[in-house]
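What follows is a set of notes on a single structure, which appears directly below.
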Amino acid sequence: MYSSGWYQLAFERDLDQITPVTFGNRSLMILKSESGVRITDATCPHRGANLAYGGRVVGEYIRCPFHGYKIGIGEDAQAINGLFVKEYPACVIGGMVLVALDDASAPDLPGALQTIGQDHGFVSGFELAVNTNIEMVMENGFDPVHFRVVHSLLMEPRLDISETDRGALQVTGEFSIPRSTWNSDQTSRAPVKARYTATAYSPGVVIAELSGEEPYNYQIITTAVPAADYRSCTIRLNVALPLNGNNEPDGQFAASLLESSREGLKMDCAIWDHLDQDHQDTMVEADAAALAFAEFTRGFRQ
Ligand code: FES
Ligand SMILES: [Fe+2]
C-alpha cells in the first residue's frame, strides 16, 4: 500500500518505553531512547516474534522475547547473526509521534509543523477508530459540498487547488459561519466569513486552517493510519492555536474546538459507516478538489 510519506503513529502522551503500533499490515514499534524517540519494524527477523510485546531494549539492541537473541535497532547497530530491524525517520513535534515510511519522504511535514509552532501552541486531541479507509477520511477537507449537507456549514462549492512549493496539495476557499453563541458580537447577524485552507502532506495528514475574525483562527491537524484490512482506520486529531499573552494556546478554546471536531466526525461517521467502499464513483464538477486529493495520494503508493 503506501510506502512513503509522513504519518502520525501515536500521541507522545501515550508512549511507553516500547510501544507497539501498526500501519496497515506492518507491525512497527516506538522506542523511547536516550537520544529520543526511534521507530522501527517490530517483527523479529529470526522467526517473526513481535519485539514490542515482551522485548527489552539493551543499548543499541532489543532482546527478543522468543529466543532471546539481540536484534540490532537499525542497520547501524553491529548486527549479530545478521539480525536487525529496519529503522525509519521519526520525530515528535507538538505531541505528535511522526514517522516517515521511507528516507526521502516528502512533503516536509516536520518542517511545516515547526513553522506553525513558531507562533502557535499544539494541543493533542483524541483518537477515533472509524469504519472507512483513510482516503475517505482525509478527503473530508477537500469535499466542500459535504460541509453544507453533513456539517451545516456554508461554503462556496468551489475550492482553488494548488501545489505548495514544498510539494503539498493545497486548497483554499471561504466559509460563511452562522452566528451562534460562539460569536461574541451579537449586534450583527451576518455570518462570519473565514478563509479556509486545507493542505495535505501525505495520504494520512491534512492540516485545515481557518483564518478570520476571532475565534476563527486555528489549525486542525487530522491524521489517520490504515488498519490491517485497509478498510478501516484510526484518526488522531490535534489542534494548533495562536499563542496568547502567556505564550500558551487557550486551553478552554482548544477543548471546545476538539469537542466540536469530534461532533463533526460523528456526523461523518453516520455516512462512512454505511458507505460502499467498492463503489465506482461518478464524480461531478464540484469534486475537483477531491479528485486532486485522490491523484495526490497515488504518488505515495508502492
Ligand atoms: S523470533 Fe526473535 S529471536 Fe527468535
Ligand atoms: Fe466531514
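The values are calculated or read from the model by the stated rules, or taken from the named source; none is laboratory data. Since the model is a prediction, treat every value here as computed from it, not as a measurement. Here the Cβ positions follow ideal geometry from the backbone for every residue, glycine too, while neighbour counts run over all protein chains shown.
When D250 is tested against (1) more than 16 Å from ligand 2 (Cβ to nearest atom); (2) within 25 Å of V21 (Cβ to Cβ), exactly one condition is not met: (2). Test E135 against the criterion of being in contact with a strand residue (DSSP E or B) (Cβ under 6 Å, 6 or more places away or on another chain), at pLDDT 95 or above and not assigned by TED's automatic domain parsing to the domain that holds G95, and give yes or no. No; evaluated as a whole, the condition is false for this residue. A residue that is surrounded by 15 or more Cβ atoms within 10 Å (Cβ to Cβ) and either under 15 Å from G204 (Cα atoms) or without any contact (Cβ under 8 Å) to a residue 40 or more places away in the chain (or both) occurs nowhere in region 114-124. In the condition set (1) surrounded by fewer than 20 Cβ atoms within 10 Å (Cβ to Cβ); (2) closer than 30 Å to P242 by Cα, T43 is compliant with all but (2). Residues in region 85-98 that are buried (at least 19 other Cβ atoms within 10 Å of the Cβ) and in contact with a Pro (Cβ under 7 Å, 6 or more places away or on another chain) were compared, and the one that is nearest to G74 (Cα to Cα) is V85. Look at region 137-152: where a residue is in contact (Cβ under 8 Å) with a residue 24 or more places away in the chain and a partner is near ligand 2 (Cβ under 7 Å from one of its atoms) and not in a loop (DSSP other than H, G, I, E, B), sitting 6+ places away or on another chain with Cβ atoms under 7 Å, you get N140/D268; V150/M267; V150/D268; H151/G264; H151/M267.
Mind checking which residues of region 125-142 are farther than 24 Å from P249 by Cβ and surrounded by fewer than 17 Cβ atoms within 10 Å (Cβ to Cβ)? If the condition is that a residue be farther than 24 Å from P249 by Cβ and surrounded by fewer than 17 Cβ atoms within 10 Å (Cβ to Cβ), then A129, N131 are the ones that fit.
Out of L243, L169, L210, L237, one residue alone is more than 14 Å from the chain's Cα centre (by Cα) and within 16 Å of ligand 2 (Cβ to nearest atom). It is L210. Restricted to region 103-140, and to residues that are of a type in the set (D, E) and in contact with a Pro (Cβ under 8 Å, 6 or more places away or on another chain), which residue is farthest from E163 (Cα to Cα)? The qualifying residue farthest from E163 (Cα to Cα) is D119. The set of residues in region 108-124 that are of a type in the set (D, E, K, R) and either more than 15 Å from P249 (Cα to Cα) or in contact with a Lys or Arg (Cβ under 8 Å, 6 or more places away or on another chain) (or both) contains only D108.
Quickly run through region 14-64 and pick out the residues that are more than 15 Å from ligand 1 (Cβ to nearest atom), among the small types (G, A, S), more than 19 Å from L101 (Cα to Cα) and in a loop (DSSP other than H, G, I, E, B). Across region 14-64, the qualifying residues are S35, G59.
Hey, does region 33-42 have a residue that's aliphatic (A, V, I, L, M) and closer than 30 Å to E163 by Cα? Checked region 33-42: at least one residue is aliphatic (A, V, I, L, M) and closer than 30 Å to E163 by Cα.
Filtering region 42-49 for residues that are farther than 30 Å from F122 by Cα and touching a Lys or Arg at 6+ places or on another chain (Cβ under 7 Å) leaves an empty set.
Determine whether G55 is within 29 Å of A129 (Cα to Cα), free of Cβ contacts under 8 Å to residues at least 40 places away in the same chain and touching a Cys at 6+ places or on another chain (Cβ under 7 Å). Here the answer is yes, as G55 does meet what is asked. Filtering region 66-84 for residues that are touching a residue at least 24 places away in the same chain (Cβ under 8 Å), assigned by TED's automatic domain parsing to the domain that holds L258 and away from ligand 2 (no atom under 16 Å from the Cβ) leaves an empty set.
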